[in-house]
Amino acid sequence: MEDPLRQALLLFALQNAVKHQSIPKPGAVIGMVMGKYPEFKARAREATVLVKEVIDEVSAIPPAEQAARLQAIAPELVEEMAKPREQVRELPDLEKAQGGVVMRFAPNPSGPLHLGHARAAVLNDAYVHRYGGRYVLRIEDTDPKRVDPQAYTMVQEDLKWLGLGITDIVYQSDRFDLYYQYGEELIQRGGAYVCTCDNERFKAMKLAKEACPCRSTGIDETLESFKKMRDGGFEEGEATLRVRTDLDHPDPAMRDFPAFRILKSPPHPRMEGCLYPLMNFSVTVDDHLLGITHVIRGKDHIANTRRQRYIFDYFGWEPPVYRHYGRMGIEGVVLSTSQMRAGINAGEFQGWDDIRLGTLRAMARRGIKPEAVREAVLDIGIGETDISFSWENLFAKNRNIVDKIANRYFFVPDPVEIRIKGGPENWTAHPALHPGDEKSGSRTLDYTAPATLIPSNEATPGLKRLKDLFNIEIHNGDSTIQTATFAGESLADVRMKKAPIIQWLSPRNCIPCTLMTPDGDVHGMCEQAVKSELGNVVQFERVGFVRIDSISPEGIIAYFTHR
């Protein structure tokens, strides 16, 4: 009688293989079984042994036959896969939002957007869709030291790729006259003064909770000094417009923080002048004038929210509703714009879309769909707890999208040639173009004796099956060419002996292909038909999903997406 634990492992391994069109992972299979049948937890150690045997059995079944077998022995698991996938987590309601919202995404144009930016951008977009209203893209370019002129275009391209519903675009560099106007008004309201103290001296007074001597300067004299700052009468560091706050505030960062500074180099690419508003001032003015109703941003901005409240209070403006989410750790990629630029300039990275980077354009180049990014971000939500970004969650969501549309092809990494004796002179295989879509039809792979290419790591002595072709017995050979003999057509023999099923290609019908991965390049050969898939995500069977990036006489360049 069949062991019920082994039978359960077999069923879920088969379901996993059909669902993901790849070799099942032991941990995933055991997890599904233990979740469904907790009574097997006492046999967990035994399951780790059985699962390897089961996965080998499932892997020996051609993908085109796996679905039919699962349907025959466990139709309920097929129905389970057909159910609509789980919806992303529902975001919490926003207070004061029932009449509509005006949200803003406000990046600095220092480079393209990365996964960290995507969180704020997508969350704001989701709330605009829920409540209705406007979504403002505000380019915060008030620091010329952090402006990359190319980023103005890159940011908008990235947001377009994400599919966000931006309704308004505002450049802060177009609004300097407004900032000067409100800077003067803040002075007139007694909320700001021009400080000419040395920075180190001011810092010492601030920590000691002592007033700067400039704090007592009259309004008229302060306005004159502010005009002198605007006209270039001060050098960098000689004068700062400070917001008058509480000198006894327990947080020194809240005490008389700066609102305007002088910068004479580098020049700004979009405006002329040397007097620049700092973020807390320009953001407060813009949030009011643009009618921003709700602000969603990281909790690293909580101190800025408190600073901005001083300015709102001086002008008598109602501040937006704020929600601060926890930090999101993202491992495995470079996110720092300065590090990315340095790496690009040094030739370490190919460009902003190098797949080792965390930019959205790197995600796009490797075949990650924008819908997957949006769903992964919405799953994370706006909770205040710090979290780690889950690559596996992103890949699972992307797999759900691309698995339905990705055609299948053979890719032979690091190929070696074997010569098969005793078999047919010619043979044609017709593997399915997409096992889950009969309408997609099949592709044609011709075999002509005796030479065949297989992966070098599979060129070991023993029984093998050339996928969708026939069986061979590989023998010991010399260092350049392996020999093999024809071993029949029976798939049952391979299954019984648990022999591996391997990729193959005829040397006459393949094309060089380099697979770019975050861990290095993999050189091999792929089917000629891959040349019709430029820009598409396909699945290299038993390798993973890849995006076909370029095609040339020298061959194909593909980028690894995920398994």
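Using only helices, what value at 222 nm comes out for the chain when you add -39,500 (n - 2.57) per DSSP H run of length 4 or more and divide by the total residues, to the nearest 500 deg cm²/dmol?
Helices in the chain give a 222 nm mean residue ellipticity of -11000 deg cm²/dmol.
Taking the alpha-carbon distance from LYS209 and a cut-off under 18 Å, which aspartates and glutamates remain once sequence neighbours fewer than 8 residues away in the same chain are dropped?
ASP198, GLU200, ASP246, ASP248, ASP251, ASP256
Expressed in nm to one decimal, what extension gain is obtained for the pair ILE387 and ALA303 from 0.36 nm per residue of sequence separation less their Cα-Cα distance?
28.2 nm
Label LEU289 and GLU46 with points 7 Å out from Cα along Cα→Cβ: what is the distance between them in nm?
Going from the LEU289 label point to the GLU46 one covers 7.4 nm.
At 0.36 nm per residue, minus the direct Cα-Cα distance, what do GLU272 and ASN426 gain on full extension? Give it in nm, one decimal, please.
Value of the extension gain: 48.0 nm.
Which entries in the list LYS96/LYS206; LYS25/LYS369; LYS421/LYS498; LYS369/LYS464; LYS227/LYS299; LYS36/LYS467 go over 29 Å, if you measure between the two C-alpha atoms of each?
LYS96/LYS206; LYS369/LYS464; LYS227/LYS299; LYS36/LYS467
So how much accessible area does ASP198 have, in Å² to the nearest 10, using a 1.4 Å probe?
100
Take the Cβ-Cβ distance between ALA492 and HIS324 as r, set R0 to 45 Å, and report the resulting FRET efficiency rounded to the nearest 0.05.
Step by step, r from the Cβ atoms, then E = 0.15.
Gain in length, THR153 to GLN98, computed as 0.36 nm per residue apart minus the alpha-carbon separation, to one decimal in nm?
Length difference between fully extended and current span is 16.4 nm.
Please report the relative contact order for the stretch 431-490, taking Cα pairs under 8 Å with a sequence separation of at least 6, and give it as a percent rounded to a whole number.
Averaging sequence separation for qualifying contacts and normalising by length gives 20 percent for the stretch 431-490.
Points 7 angstrom from Cα along the Cβ direction at ASP177 and ASN199: gap in nanometres?
It works out to 3.2 nm between the two label points.
Using a/c under 1.5 as the rounded threshold, could you call the stretch 258-336 rounded, prolate or oblate? The axes a ≥ b ≥ c are square roots of the C-alpha gyration tensor eigenvalues, and prolate needs a/b larger than b/c, oblate otherwise. Kindly include the intermediate steps, with their values, before the conclusion.
Details: a/c = 2.20, a/b = 1.07, b/c = 2.05.
Oblate, since a/c reaches 1.5 and b/c is not below a/b.
Quote the relative contact order of the chain in percent (integer), defining contacts as alpha-carbon pairs under 8 Å separated by 6+ residues.
Worked out over the chain, it gives 12 percent.
Given contacts defined as C-alpha pairs under 8 Å and at least six residues apart, what's the relative contact order of the stretch 430-529, whole-number percent?
Numbers: 159 pairs, mean separation 22.7, N = 100.
For the stretch 430-529, the relative contact order is 23 percent.
Could you compute how much accessible surface SER225 exposes when probed at 1.4 Å, giving the result in Å² to the nearest 10?
30
Within the stretch 51-69, which residues have the backbone N less than 19 Å from the label spot 7 Å out from ARG6 along Cα→beta-carbon, could you tell me?
51-61
With equal scatterers on the alpha carbons only and no solvent term, can you work out the Debye log10 of I(q)/I(0) for the stretch 211-359 at 0.08, 0.11, 0.17 1/Å?
-0.35, -0.64, -1.15
What is the projected area of the convex hull of the Cα atoms of the chain, averaged over all directions, in nm²?
33.2
Out of the total accessible area of the chain (probe 1.4 Å, heavy atoms of protein only), what percent is carbon and sulfur?
Accessible surface attributable to carbon and sulfur in the chain totals 49 percent.
Within the stretch 434-454, list the residues whose amide N lies under 18 Å from a label point set 7 Å along Cα→Cβ of ARG419.
What the label zone holds, given the 18 Å backbone N cut-off, is 448-454.
Considering only C-alpha atoms, what is the centroid distance from the stretch 423-484 to the stretch 317-361, in Å?
44
What order, most packed first, do the peptides 329-337, 452-460 have when packing is the mean number of other Cβ atoms within 10 Å of each residue?
452-460, 329-337
Please report, largest first and rounded to whole Å, the three semi-axes of the ellipsoid equivalent to the stretch 150-251, where each semi-axis is the square root of five times an eigenvalue of the C-alpha gyration tensor. Write down the numbers at each step before the final one.
Values: eigenvalues 242, 65, 41 Å².
Square roots of five times the eigenvalues give 35, 18, 14 Å.
7 Å from Cα along Cα→Cβ at both ILE481 and ASP446: what's the point-to-point distance in nm?
2.1
What FRET efficiency would be calculated for the residue pair ASP246, LEU91, taking the C-beta separation as r and a Förster radius of 25 Å, to the nearest 0.05?
0.10
The values are calculated or read from the model by the stated rules, or taken from the named source; none is laboratory data. Being a predicted model, the structure only gives us computed values, none of them experimental. Cβ coordinates were reconstructed from backbone atoms using ideal geometry, including for glycine residues, and neighbour counts include every protein chain displayed. SASA here: full protein model, heavy atoms, side chains in, ligands and nucleic acids out. Shrake-Rupley method; radii C 1.70, N 1.55, O 1.52, S 1.80 Å.
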